[in-house]
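Reviewing the structure listed below.
The values are calculated or read from the model by the stated rules, or taken from the named source; none is laboratory data. Treat the numbers as computed from the prediction; the structure is a model and nothing was measured. So basically every Cβ, Gly included, is an ideal-geometry build from the backbone, and we count neighbours across all protein chains shown. Accessible surface is based on the protein model in full, side chains and every heavy atom, while ligands, DNA and RNA are left aside. Shrake-Rupley method; radii C 1.70, N 1.55, O 1.52, S 1.80 Å.
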Amino acid sequence: MAAKTLITNNNVLPIVSKVYCAPSEVVLAVRRRPNVANGGGFAVADSTQRVVFSVDGCGVLGKKQELILRDGDGNALLLIRRKGAIVEALNLTRKWKGYSYVDLVGSDKLVFTLKEPNSSCFSTNARIKISIESKELCSHGSFEVLGDFPGRSCTIVSPMGDVIGVNKELQRLMASRDMYQVEIKAGFDQAFVFGVIAVLDYIYDGSTRC
């Protein structure tokens, strides 16, 4: 087994919070919530089956195009919304915006913006760009999602070219869209990664969407 990569203070990449930047690579399992209405969301667990994140979809929140990322104790970390203005409806690009709950409950502090693929070229392999609002990171450029999310084979790449998340099926356990694993490199913000995955799940008609 390959050694896990360790980090130093110089290569920690906090976007939501440094609390969610682990000192070594982690593998987390995503599972669609059982026995809930359509659009219920999903849970994220570590190797001990402890839930570390969860996402509430529109079946729970009662509102379409809105998601909430929570920590393992149920505290809200990100409120994620798709902008639905009439002007945007005429535009080829639709945007999702993630707002932080970390510093102040109900805060409207913008953390990231994700642009959906243009409707004219919408495909499972379309490149998706994510802009970070942090002053320290925004000057480096955009994150990108590459690959096939519905096929559970995609990566999230940082502006510096580092792969920070790998999404793939647990084929030995279950050949299903309902369960897959995510590998996150040392130092990268796990809450941010699952905020992005929540949006991808919704875009591609996953468990968060009604």
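In nm, what is the difference between 0.36 nm times the number of residues separating LYS109 and LYS129 and their Cα-Cα distance? If you can, show how the numbers build up before the last one.
Working: separation 20, 0.36 × 20 = 7.20 nm, distance 1.97 nm.
Full extension from LYS109 to LYS129 adds 5.2 nm.
Other residues with beta-carbon under 10 Å from the beta-carbon of ILE203 carry, at +1 per Lys or Arg and -1 per Asp or Glu, a net charge of 0.
Can you give the local net charge around SER54? Use residues other than it whose beta-carbon is closer than 11 angstrom to its beta-carbon, Lys and Arg +1, Asp and Glu -1.
On the way: positive: ARG31, ARG33, ARG70; negative: ASP56, ASP71, ASP73.
The answer is 0.
Heavy-atom accessible area, probed at 1.4 angstrom with all protein chains present, ranks VAL111, VAL51, VAL19 as VAL19, VAL51, VAL111, highest first.
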